[in-house]
1. Taking the range 160-197 as the search range and keeping residues that are of a type in the set (S, T, Y) and touching a His at 6+ places or on another chain (Cβ under 7 Å), which one is nearest to F67 (Cα to Cα)?
2. How many residues, within the range 119-141, are free of Cβ contacts under 8 Å to residues at least 12 places away in the same chain and more than 19 Å from A192 (Cα to Cα)?
3. Do you know which of the residues in the range 334-384 that are of a type in the set (K, R) and within 15 Å of I432 (Cβ to Cβ) is surrounded by the most Cβ atoms within 10 Å (Cβ to Cβ)?
4. Any residue in the range 264-278 that is at negative phi and touching a residue at least 12 places away in the same chain (Cβ under 8 Å) sitting within a Cβ distance under 6 Å of a residue that is surrounded by fewer than 17 Cβ atoms within 10 Å (Cβ to Cβ) and assigned to a loop (DSSP other than H, G, I, E, B)? List the pairs, counting only those 6 or more apart or interchain.
5. Consider only pairs whose beta carbons are under 6 Å apart and that are at least six residues apart or on different chains; among these, list those whose first residue lies in the range 246-262 and is among the small types (G, A, S) and whose second residue is surrounded by 15 or more Cβ atoms within 10 Å (Cβ to Cβ).
6. Which count do you get for residues in the range 194-228 that are open to solvent by less than 30 Å² (accessible area, probe 1.4 Å), out of contact with any strand residue (DSSP E or B) (no Cβ under 8 Å at 6 or more places or on another chain), over 20 Å from E167 (Cβ atoms) and outside any loop (DSSP other than H, G, I, E, B)?
7. Being of a type in the set (S, T, N, Q) and surrounded by 10 or more Cβ atoms within 10 Å (Cβ to Cβ) is the filter; apply it to the range 15-44 and report the residue that is modelled with the highest pLDDT.
8. I need a count of the residues in the range 294-320 that are of a type in the set (A, V, I, L, M) and open to solvent by 20 Å² or more (accessible area, probe 1.4 Å).
Amino acid sequence: MGNGAEPTHAGDDEASSPSESSVVDSILDGEAQTVFKNKDLVDPNTIVDQDRIYGRDEQLAAEARAFRDTLEGERPPDLLLYGPSGTGKTLTVKAVANKVKQRAEQEDIVFDFVAVNFKTMESHTLDRAVWKLGYQTAQKAGVVWDIPRKGVSTDAKYVRLYEIVDEHFDSLVFILDEIDALTGHKNEDEPAYSRLLYSLSRVMAEQHVDTLISTVVVTNYPKFRENLDSRTDSSYNPNGIHFSDYDANELIEILDRRRDAFKEDALEDGVIELVAAYGAQNEGDARRAIDLLRDAGEIANRDGDSKVREDHVQSANDSVVKNRVLEIVGGMSLQKKLSLYAAALVADVNDGAAPSPVVYRAYRTICKMSDREIYTQETVNSHINKAGTYGVLESERTSSGYKSGVHLLFEFNEPVDAVLETIEDDSAFDDIEAEAVRSMAAKAL
């Protein structure tokens, strides 16, 4: 350094590479070519007007009747919205709540809603749930949430939450999305969601607040109520609203009402119909269909095309399926992958279904091929059921379709070939002769 030379750093040459700089600058400085006019309309998290919601008039009416009590100065009833993923549960209730908020402002009623998706939280404990509710309620109230995540008791978090509610709202609805994910610690007598619902359902009766508080529980699994503590079950009595799957024709209508997310004539004929067909294959999931339409538009942009074509949709669908399976399967331990791989190979020769006795035979064969430790059938079944919690497959106990009496039947929700491809990317599976396992499974079925 004594010679006056400027210090150099590894990567300086690469960072100033003319080719890289020109690529980045051309994108940042150039006028973006896009097929979109209003991309927010193909964001499933956007709260849309009710005229963009199709096939849910009955549910919208039920929600509106419930929320109307707010405008009459009364507490709205608790609601339980249940049905498969992507069927409009959260979409409709947010649309109605937003409309009621506008009407309430005209009546000088301070009404709002706080929506929390518990599945997306990094910790599924009661303490973290109360902190999250408090944080988002404070945001709605326009005040600071001054409670740290750790070092403060759950009771103290409740106290601050209810102080904010009581000081800033006449009426407030908590929208508790995917509440069944709020399981809590394993050694607890009741799930965390049971204790949360008990507190929220009793808060007015126990005179913590004068604010009219109600809850909207959103779930894919209405049987979560079977695990409620008896006290909670007694005090929590929601009105149930069911949401059924969308069929392909309904998905076409839903997507067509988002067509103006794109520039005029940016969608080629057949694009919306193809997206709807893929959505119908995914159990009528409108959220996935909307995501897929947006992703197809992004691919068109990336390719420099001014129109979204069917091949863009196909590419987007392939990518979505592979990424979803990769996210789920990629983080599994080796033994869980071995178990799931056995089930997938059996399902591959049996129309997506895999009886547990045949799966275990396939698993033993795979372990011998790769010189791995062989676990018990009970453990293998447990490993496979773990994949079920992420939606890869479902299992049921049955005595039909196989000769070994009562057994578990695994049925895949995700494409079996995508599961196999993802697992086979792991080098630990290089020594496994998949065709030999398939042949053995076909003979055993």
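1. Taking the range 160-197 first, the residues of a type in the set (S, T, Y) are 162, 171, 183, 193-194.
In the following step, the residues that additionally are touching a His at 6+ places or on another chain (Cβ under 7 Å) were identified as 162, 183.
Values: Y162: 21, T183: 28 Å.
Among them, the one singled out is Y162.
2. Going through the range 119-141 one residue at a time, the tally reaches 1.
3. Taking the range 334-384 as the starting set, the residues that turn out to be of a type in the set (K, R) are 336-337, 361, 364, 368, 372.
Filter again for within 15 Å of I432 (Cβ to Cβ), leaving 337, 361, 364, 368, 372.
Values: K337: 22, R361: 19, R364: 17, K368: 11, R372: 17.
The extreme case among them is K337.
4. Short answer, once both residue conditions are applied: A266/K307; E268/K307.
5. These pairs meet every condition: A248/A276; A248/A277; A248/A280; A261/L41; A261/V42.
6. Total satisfying the criteria: 2.
7. The first filter runs over the range 15-44 and keeps only residues of a type in the set (S, T, N, Q), leaving 16-17, 19, 21-22, 26, 33-34, 38.
Remaining after also requiring surrounded by 10 or more Cβ atoms within 10 Å (Cβ to Cβ): 17, 21-22, 33-34, 38.
Details: S17: 52, S21: 61, S22: 68, Q33: 81, T34: 92, N38: 95.
Checking each candidate, the answer is N38.
8. Filtering the range 294-320 down to residues of a type in the set (A, V, I, L, M) leaves 296, 299-300, 308, 313, 316, 320.
If we keep only those that are open to solvent by 20 Å² or more (accessible area, probe 1.4 Å) as well, we get 299, 320.
Selection size over the range 294-320: 2.
The values are calculated or read from the model by the stated rules, or taken from the named source; none is laboratory data. Everything numeric in this text was worked out from a predicted model, so none of it was measured. With ideal geometry, Cβ positions are generated from the backbone for all residues, glycine too; neighbour counts draw on all protein chains shown. For accessibility, only protein heavy atoms count, side chains too; no ligands or nucleic acids. Shrake-Rupley method; radii C 1.70, N 1.55, O 1.52, S 1.80 Å.
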